[in-house]
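The values are calculated or read from the model by the stated rules, or taken from the named source; none is laboratory data. Just so we're clear, the structure is a prediction, and the values are computed from it rather than from any experiment. We place every Cβ from the backbone using ideal geometry, glycine too, and count neighbours over all the protein chains shown. Accessible surface is based on the protein model in full, side chains and every heavy atom, while ligands, DNA and RNA are left aside. Shrake-Rupley method; radii C 1.70, N 1.55, O 1.52, S 1.80 Å.
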Amino acid sequence: MALFDLPLDELREYRSESAEPEDFDVFWSKTLQEARGHDLDARFEPVDTGLATVRVYDVTFAGFGGHPVKGWLTLPAGAEEPLPLVVEFVGYGGGRGLPHEHLLWASTGRAHFVMDTRGQGSAWGGGGGTADPVGGAPAYPGFMTRGIDAPENYYYRRVFTDAVRAVEAARSHPLTDASRTVALGASQGGGITIAVGGLVPDLAAVAPDVPFLCDYPRAATLTDRHPYREIGLFLKTHRGRGTDALRTLSYFDGVHFAARGRAPALFSAALEDQTCPPSTVFAAFNAWAPDDKAIEVYDFNDHEGGGPYQEATKLRWLRSYA
C-alpha cells in the first residue's frame with residue numbers, strides 16, 4: 001500500500017476534530033471511583049514455567065465492576081529490591097498469552113506486568129483467560145460497537161478501567177517501584193496506554209506504538225480495514241445513529257486522554273498503516289500535553305510499524321525514565 005494519508009509535514013501539524021464531551025473528566029472520575037469501591041484484591045500466585053532467568057506470577061485483580069482480571073507479573077530471578085515497572089497492554093483480539101511470550105522487559109532488569117484484555121484472547125498468540133460478564137445492546141461482531149448505545153455501557157469503559165486497576169495491582173507487589181512505572185503497548189495496547197496516561201497522573205513514561213482508539217471521526221471514514229470498519233458496518237445497518245455513536249466514542253478517544261497526559265511519551269507511527277492511519281496517531285501525539293515527547297516514523301511500513309527496531313528504540317529511550 002502506497003502512502004494514502006496526509007503528507008508527513010501536514011501530519012506533524014494535524015489536529016483532530018473530535019469533540020470533547022463537557023463532562024469527560026466527571027465521567028471518568030465517577031467511573032474510577034466506582035471501580036475503587038471494590039477491593040483491589042490483587043493476588044500473585046507463583047508459576048512453575050521452566051524458565052530459569054525469571055520468576056513468574058499468575059495475577060488476578062478486581063477490575064471494572066469488581067470483575068476478576070488476569071495478568072502475568074514477570075521478575076528477574078534474583079530480584080530482591082523494588083524494580084522499575086513496565087505495564088503492558090496487548091493488541092486487539094489477543095490476551096496475556098503464555099509467560100514465555102513476555103521475556104523482553106524482565107531481561108532488562110525491570111518488573112513486567114502484562115494485562116489480559118477482558119473478553120478477548122482468541123484471535124492470536126497464546127490466548128487469554130478473562131471473561132467480560134457484562135452484556136450489551138446489539139453490536140457488530142468484534143468489540144468496537146459493544147455497548148455503543150451509551151458511554152456508560154461501552155466496552156472500552158470496562159477495558160480502560162481494568163487498565164488503571166492493572167497499574168494499581170502491579171504497583172502493589174513489594175518488588176515493584178511505583179515511582180518508576182511505565183505504560184506501553186502496540187495497536188489496541190497503544191490506545192489503552194494513552195488512556196492510562198491520561199487517567200494515571202504519576203507515570204514515569206508512556207510508549208504507545210501505532211496506537212488504535214484515536215480520532216474516531218477520521219478513522220471511521222478514512223480506512224475500510226477492521227477494527228475501525230466495525231463502526232461503519234454497524235451504522236450501515238443502524239441507519240441514522242452516527243451522531244449518537246460518535247458521541248459515545250468521544251468519551252474513549254485517545255485524543256482527549258492525550259490532552260491530559262503528564263508523562264514523557266514516545267509514540268510511533270507507520271505511514272502505510274491502514275489499520276491505525278498515521279493521521280489518527282498524530283492526532284493523539286500532537287494533543288499529548290507534555291513537551292517531553294517524541295514520535296518515531298516508519299515510512300514504508302504498515303501496521304507492523306517499527307517492529308523490533310521500535311523495541312530497540314524503546315530500550316534506549318526508557319533508560320532515562322525507568
Original post:
For region 197-222, which residues satisfy the criterion of being open to solvent by 10 Å² or more (accessible area, probe 1.4 Å), in contact with a helix residue (DSSP H, G or I) (Cβ under 7 Å, 6 or more places away or on another chain) and part of a loop (DSSP other than H, G, I, E, B)?
Top reply: Val200, Leu203
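Criterion first (open to solvent by less than 30 Å² (accessible area, probe 1.4 Å), more than 23 Å from Asp177 (Cβ to Cβ), in contact with a helix residue (DSSP H, G or I) (Cβ under 8 Å, 6 or more places away or on another chain) and at pLDDT 95 or above) does Gly97 satisfy it?
Numbers: open to solvent by less than 30 Å² (accessible area, probe 1.4 Å): yes; more than 23 Å from Asp177 (Cβ to Cβ): yes; in contact with a helix residue (DSSP H, G or I) (Cβ under 8 Å, 6 or more places away or on another chain): no; at pLDDT 95 or above: yes.
So Gly97 does not fit the description; no.
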Subject >> The lone exception for Ala2 - which of (1) among the hydrophobic types (A, V, I, L, M, F, W, C); (2) surrounded by fewer than 12 Cβ atoms within 10 Å (Cβ to Cβ); (3) part of a helix (DSSP H, G or I) it fails >> reply: (3)
**OP:** Name every residue in region 16-56 that is of a type outside the set (D, E, K, R), within 19 Å of Arg110 (Cα to Cα) and open to solvent by 30 Å² or more (accessible area, probe 1.4 Å), in order of residue number.
**Re:** Phe44, Pro46, Val47, Thr49, Leu51, Ala52, Thr53
Subject >> Criterion: of a type in the set (Lys, Arg), more than 19 Å from Phe27 (Cα to Cα) and part of a loop (DSSP other than H, G, I, E, B) - qualifying residue of Arg225, Arg260 >> reply: Arg225
Original post:
Any residue at all in region 113-125 that is farther than 18 Å from Val47 by Cα, modelled with pLDDT of 95 or more, open to solvent by 10 Å² or more (accessible area, probe 1.4 Å) and outside any loop (DSSP other than H, G, I, E, B)?
Top reply: no
**OP:** Identify all residues within region 252-270 that are open to solvent by less than 10 Å² (accessible area, probe 1.4 Å) and either without any contact (Cβ under 8 Å) to a residue 40 or more places away in the chain or farther than 19 Å from Val182 by Cα (or both); write none if there are none.
**Re:** Phe252, Asp253, His256, Ala269, Ala270
**OP:** With the condition kept exactly as written, say whether any residue in region 273-294 is modelled with pLDDT of 95 or more, open to solvent by less than 40 Å² (accessible area, probe 1.4 Å), of a type in the set (Asp, Glu) and on the phi < 0 side of the Ramachandran plot.
**Re:** yes
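Conditions (1) polar (S, T, N, Q); (2) closer than 21 Å to Asp209 by Cα; (3) within 17 Å of the chain's Cα centre (by Cα), marked per residue:
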residue: Ala79; (1), (2), (3): no, no, no
residue: Val87; (1), (2), (3): no, yes, yes
residue: Tyr92; (1), (2), (3): no, yes, yes
residue: Leu98; (1), (2), (3): no, no, no
residue: Leu103; (1), (2), (3): no, yes, no
residue: Met115; (1), (2), (3): no, yes, yes
residue: Gln120; (1), (2), (3): yes, yes, yes
residue: Gly136; (1), (2), (3): no, no, no
residue: Arg146; (1), (2), (3): no, no, no
**OP:** Name the one entry in Arg146, Arg180 that is assigned to a loop (DSSP other than H, G, I, E, B), modelled with pLDDT of 95 or more, out of contact with any Ser or Thr (no Cβ under 7 Å at 6 or more places or on another chain) and open to solvent by 10 Å² or more (accessible area, probe 1.4 Å).
**Re:** Arg146
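Would you confirm, using the coordinates I've provided, whether Gly71 is surrounded by 23 or more Cβ atoms within 10 Å (Cβ to Cβ) and either without any contact (Cβ under 8 Å) to a residue 12 or more places away in the chain or of a type outside the set (S, T, N, Q) (or both)? Can you show your working first?
Numbers: surrounded by 23 or more Cβ atoms within 10 Å (Cβ to Cβ): yes; either without any contact (Cβ under 8 Å) to a residue 12 or more places away in the chain or of a type outside the set (S, T, N, Q) (or both): yes.
It is true that Gly71 is surrounded by 23 or more Cβ atoms within 10 Å (Cβ to Cβ) and either without any contact (Cβ under 8 Å) to a residue 12 or more places away in the chain or of a type outside the set (S, T, N, Q) (or both).
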Original post:
List pairs: first in region 1-30 and over 30 Å from Glu272 (Cβ atoms), second open to solvent by less than 70 Å² (accessible area, probe 1.4 Å), Cβ under 6 Å, 6+ apart or cross-chain?
Top reply: Pro21/Ser250; Pro21/Tyr251; Phe24/His256; Phe27/Tyr251
